[in-house]
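First up is the structure itself, then whatever we jot down about it.
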Amino acid sequence: MKEEKIDYRQAIEELQFIVNELERGELDLDALLEKVKRAAFLCSFCKNRLREVEKELETVFLEMERELRAEETPSSDGGDSFCNA
């Protein structure tokens, strides 16, 4: 089976189109089956993409938090410490 290149926005737009077709109720049984299969694939794709993005965002936020903590932590060389005056 050919690998399909699709992004999240395209998948959502296609899902909306399929929903509109289904709501009109004009599809024959075979077309209905194909549309439902396609919708299931697109839903799975979107769910997986959202999970991927969530993991990437968590990584970015954790890295930002580490950097902020590192900036807030006074250095142990005593350079800026008031206690060493």
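Readers should treat all values here as calculations from the given coordinates under stated rules, not as data from a laboratory. All of these numbers come straight from a predicted model, not from anything done at the bench. Because the Cβ atoms are built from the backbone with ideal geometry, glycine has one as well, and the counts that use them run over all protein chains shown.
Observations, loosely collected:
- Coil-residue GluC sites (Glu not before Pro) of the range 1-41, DSSP, other Cβ within 10 Å capped at 11: GLU3, GLU4, GLU26
- Pair GLU4, LEU50: separation of 7 Å Cα→Cβ label points (nm): 1.9 nm
- Three-way shape call for the range 8-69 based on the alpha-carbon gyration tensor, with the a/c threshold at 1.5: prolate
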